[in-house]
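Structure first, commentary second.
The values are calculated or read from the model by the stated rules, or taken from the named source; none is laboratory data. Here the structure is a predicted model, which means the values were calculated and not measured. Quick reminder, even Gly has a Cβ in these numbers, built from the backbone with ideal geometry, and neighbours come from all protein chains shown.
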Amino acid sequence: MILPRRKFLHLAAGAAALPAVSRFAWAEAYPTRPVRLIVPFGPGGGTDIVARLIGQWLSVRLGQQFVIENRPGAGGNLGTEQVVRAPPDGYTLALIGAPSAINATLYQNLNFSFVRDITPVAIIVRFPNVMVVNPSVPAKTVPEFITYAKANPNKLNMSSPGNGSTPHVTGELFKMMTGVNMVHVPFAAPRQCDWSAGVDRVWPVSQDDMV
């Protein structure tokens with residue numbers, strides 16, 4: 001994850017500005033009290049780490065504590081809903097990612113509209129997805145992996161940090177584009193994915209690999 005320092009500082013400053021705050025409030029020094037930064041996922045994952053880094057920087061720069069709150073559940077919906085229901089005064093922020101947008105297509109009875117009730121402030125980070133394999137898998141390239149998976153349908157597991165997460169949706173897209181069958185195994189939080197058997201190959205995957 002590469003984030004130039006200058007861009008990080010600009011984005012971090014932008015995170016402190018919410019359109020929902022009135023002009024009168026902007027006339028005052030913001031913030032005048034602690035700010036809640038809700039992470040709708042469990043501790044130890046990428047979203048949580050980024051939130052704690054930017055929260056610490058904002059606390060020092062703006063002179064008020066940015067308190068990180070982990071509110072996992074329902075693929076990020078519980079934490080997002082908590083932000084939606086909070087007063088729109090700039091003192092309850094959320095650090096959310098692609099799963100929150102994906103959920104709009106996966107859940108039919110959400111208590112909020114991601115498009116209507118959430119106002120984006122700044123893009124903080126971008127990161128790629130890569131494929132990692134266990135040393136026991138006899139494949140050294142993505143095409144070799146596809147060939148092996150097709151020859152062994154439903155014998156390979158595909159782990160992810162949860163249903164509707166970016167790795168899950170990416171994995172399902174990979175399965176659709178390549179015609180392979182793997183068993184999806186969701187975990188409660190990113191750090192709980194089972195890496196105990198080790199990983200010896202990491203592949204960035206392009207569309208050419210899947211043709």
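Hey, does region 178-194 have a residue that's at pLDDT 90 or above, part of a helix (DSSP H, G or I) and outside the structural domain of residue 77 (by TED's automatic domain parsing)?
From region 178-194, those at pLDDT 90 or above are 178-185; that's our starting set.
Next, only the ones that are part of a helix (DSSP H, G or I) stay: 178.
Now narrow it down to the ones that are outside the structural domain of residue 77 (by TED's automatic domain parsing): 178.
Checking region 178-194: at least one residue is at pLDDT 90 or above, part of a helix (DSSP H, G or I) and outside the structural domain of residue 77 (by TED's automatic domain parsing).
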Selection count where residues are surrounded by fewer than 17 Cβ atoms within 10 Å (Cβ to Cβ) and under 27 Å from residue 110 (Cβ atoms), scope region 53-67: 1
Show the residue pairs that are 6+ apart or on different chains and have beta-carbon atoms under 9 Å apart, the first residue being within region 108-125 and under 12 Å from residue 96 (Cβ atoms), the second being among the hydroxyl-bearing types (Ser, Thr, Tyr) and at pLDDT below 85. 114/100; 118/100
Given (1) in the same structural domain as residue 42 (by TED's automatic domain parsing); (2) over 17 Å from the mean Cα position of the chain (by Cα); (3) part of a loop (DSSP other than H, G, I, E, B), where does residue 96 come up short, assuming only one miss? (2)
Region 107-164: number of residues that are surrounded by fewer than 12 Cβ atoms within 10 Å (Cβ to Cβ) and assigned to a helix (DSSP H, G or I): 3
Which members of region 155-167 meet the condition of being more than 14 Å from residue 101 (Cβ to Cβ) and either small (Gly, Ala, Ser) or at pLDDT 85 or above (or both)? 155, 156, 157, 158, 159, 160, 162, 167
Looking only at region 66-85, decide whether some residue is part of a loop (DSSP other than H, G, I, E, B) and over 19 Å from the mean Cα position of the chain (by Cα). no
